[in-house]
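The values are calculated or read from the model by the stated rules, or taken from the named source; none is laboratory data. The structure presented is a predicted model; accordingly, all values stated were derived computationally and were not measured. Heads up, the Cβs are rebuilt from the backbone with ideal geometry, glycines too, and the neighbour counts pull from every protein chain shown.
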Amino acid sequence: MKTDANILIVDLKKIRNNIKILKEYTDKKFYAVVKANAYGLGAKKIASNIESLVDGFCVATINEAIELRQDGISKEILILGYICPENYPDIYKYGLSLTIYNYQIAEELNRLGYPIKGHIKIETGHNRLGFQNTEDHIEEIIKISKMKNIDLIGVFTHLSTADEENKRYTIQQEAIFSDVLRKLRPISDHVVKHISNDAAAIAYDFTGKYDAIRSGISMYGVYPSAYIKDSYKMNIEESFQLKSRVSNIKYIEKGEGVSYGREFVSNRHMKVATVSMGYADGYHRLISKQGYVLINGQKAKILGRITMDQMMVDVTGLDVKIHDKVVLIGKSGSLEISVDQVAEWAQTISYEVMTSISARVKRLYINEE
C-alpha cells in the first residue's frame with residue numbers, strides 16, 4: 001500500500017471504549033451518529049467496528065444510509081434529513097427508517113403502496129424540522145399514525161442548547177416534548193422516544209424517561225462543548241490524529257517574506273520547513289497567523305498564510321529534517337494539539353474541523369475488530 005504524506009489515523013478501539021463509557025449514562029437504546037462520514041473519520045469502517053455495541057445508526061442523507069447497507073450494516077439506520085421524492089423507493093428497498101417532519105411528505109410516502117418505517121420529529125424550539133406543538137400538527141400526526149403504509153416506530157426532538165451552562169431552554173424544550181407525547185397517547189406509548197444528543201445524555205437525567213440516546217461527537221472522544229468538558233469529566237479519549245510530513249527545509253534572511261501577500265516578513269535569520277498540508281486538505285486558512293504544529297515533540301509556529309496544498313513553519317533552532325512527521329492534531333512527545341485547540345485557532349467548532357478534513361487525506365485505521 002502506498003504511503004501518503006497526509007494521513008488521518010483513527011483508533012477504532014478508542015471509539016469502542018468511548019461508546020462503552022457513554023453507555024454507562026443509559027440502559028436504553030444507543031443510536032450512533034455516523035452522518036457526514038462519521039464526522040470525517042470514515043462511516044463505513046467505524047460502523048462495521050461498532051455495530052455490535054449499538055442499537056442503530058443515524059445519518060443525514062439517504063446516500064449515507066445506502067452506503068452503510070451496501071457495506072453490510074444490518075441494524076436500524078435512521079435518516080435525519082430531507083429525502084428527494086425520486087429516492088423514496090430506496091427507503092423500502094434498503095430497509096431504512098426516515099424522519100417524518102411534514103404531513104405532505106407523509107402523504108407522498110403513504111401513496112407508494114409499501115410499508116415505510118418512520119420516526120416523527122417534534123419541533124420544540126430548534127426551529128429546523130418538525131411538527132410543532134399545535135392542535136393542527138397534533139391532528140396531522142394522529143392521521144399519519146393511521147396511514148396504511150406508514151409504520152411509526154419512533155418520536156424524537158432535537159435540543160439546541162443542551163451543551164450550555166444555562167439549562168432553562170433545554171428544560172423548556174423537554175417540557176414541550178413531554179406535552180406532545182402526552183397528547184399523542186396511545187401512539188407515543190408504543191414507539192421509541194428519544195431526546196438526548198451527546199450533551200443531554202451527559203448533563204441531563206432524561207434517560208429514565210425516554211428510550212434512547214443519539215451519540216455523535218463524544219463517541220469519537222471530543223466533548224460537545226467547553227462547558228461539558230469542564231463540568232462533566234469522563235474518560236473518553238480523542239480517537240484520531242492528523243499528520244503530515246516535512247517536504248522541504250530552507251533558510252531565509254531578515255526582510256524576506258513567507259507565503260502569499262507577504263503577511264509574514266522575517267526580522268532575523270530563520271530556518272523554515274514546508275509542510276505538505278493546506279486548506280484543500282481541510283486545515284483552515286484562518287489558522288495561519290496563530291497556530292503551530294508539532295515536529296519531533298517540539299512546537300513549530302505557522303508562518304504566513306496557509307496555502308491550498310502546503311504551509312510553512314518556523315523550525316529555527318530545531319532538529320528538523322525533510323521527511324520528518326508533522327502532527328497537526330494529536331500527540332508528539334509530551335505535547336498535544338487537540339481538535340478543540342485547532343477549532344479555537346480557526347474561530348470555529350470541533351465539528352467543523354473534523355468534517356472539513358478532505359477526502360484526499362488518507363484514512364488509516366488501527367485496532368480493528
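Name the pairs whose Cβ atoms lie under 9 Å apart, with the first residue in segment 176-193 and in the same structural domain as residue 28 (by TED's automatic domain parsing) and touching a residue at least 12 places away in the same chain (Cβ under 8 Å), the second polar (S, T, N, Q) and part of a helix (DSSP H, G or I), and 6 or more positions between them or separate chains?
180/188; 181/188; 184/145; 187/145
Would you confirm whether any residue within segment 286-295 is in a loop (DSSP other than H, G, I, E, B), over 26 Å from residue 355 (Cα atoms) and not hydroxyl-bearing (Ser, Thr, Tyr)?
So far as segment 286-295 goes, no, none of its residues is in a loop (DSSP other than H, G, I, E, B), over 26 Å from residue 355 (Cα atoms) and not hydroxyl-bearing (Ser, Thr, Tyr).
Looking at residue 214, is it surrounded by 14 or more Cβ atoms within 10 Å (Cβ to Cβ) and either hydroxyl-bearing (Ser, Thr, Tyr) or farther than 30 Å from residue 31 by Cβ (or both)?
no
Which condition number does residue 54 fail, the rest of (1) within 27 Å of the chain's Cα centre (by Cα); (2) more than 29 Å from residue 183 (Cα to Cα); (3) surrounded by fewer than 14 Cβ atoms within 10 Å (Cβ to Cβ) being met?
(3)
Which count do you get for residues in segment 352-361 that are touching a residue at least 40 places away in the same chain (Cβ under 8 Å) and either of a type in the set (S, T, N, Q) or in a helix (DSSP H, G or I) (or both)?
Summing the residues that are touching a residue at least 40 places away in the same chain (Cβ under 8 Å) and either of a type in the set (S, T, N, Q) or in a helix (DSSP H, G or I) (or both) in segment 352-361 gives 5.
Given the criterion within 26 Å of residue 239 (Cβ to Cβ), of a type outside the set (Ser, Thr, Tyr) and in contact (Cβ under 8 Å) with a residue 24 or more places away in the chain, identify the matching residue among 284, 323.
Of 284, 323, the one residue that is within 26 Å of residue 239 (Cβ to Cβ), of a type outside the set (Ser, Thr, Tyr) and in contact (Cβ under 8 Å) with a residue 24 or more places away in the chain is 284.
Scanning segment 204-259 for residues that are of a type in the set (Lys, Arg) and assigned to a strand (DSSP E or B), which turns out nearest to residue 59 (Cα to Cα)?
Filtering segment 204-259 for residues that are of a type in the set (Lys, Arg) and assigned to a strand (DSSP E or B), the one nearest to residue 59 (Cα to Cα) comes out as 214.
Quick check on my filter: what residues within segment 1-52 are of a type in the set (A, V, I, L, M, F, W, C), over 25 Å from residue 210 (Cα atoms) and assigned to a loop (DSSP other than H, G, I, E, B)?
Result: 1, 5, 41.
To keep it simple, each residue is scored yes or no on (1) buried (at least 18 other Cβ atoms within 10 Å of the Cβ); (2) at positive phi; (3) in contact with a helix residue (DSSP H, G or I) (Cβ under 9 Å, 6 or more places away or on another chain).
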| position | (1), (2), (3) |
| --- | --- |
| 279 | yes, no, yes |
| 297 | no, yes, no |
| 315 | yes, no, no |
| 318 | no, no, no |
| 329 | yes, no, yes |
| 343 | yes, no, yes |
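Can you name the number of the only condition in (1) free of Cβ contacts under 8 Å to residues at least 40 places away in the same chain; (2) buried (at least 20 other Cβ atoms within 10 Å of the Cβ) that residue 304 fails?
Status for residue 304: all satisfied but (1).
Condition first: over 17 Å from the mean Cα position of the chain (by Cα) and among the basic types (Lys, Arg). Now tell me which residues in segment 318-369 satisfy that.
Residues satisfying the conditions are 321, 325, 331, 360, 362.
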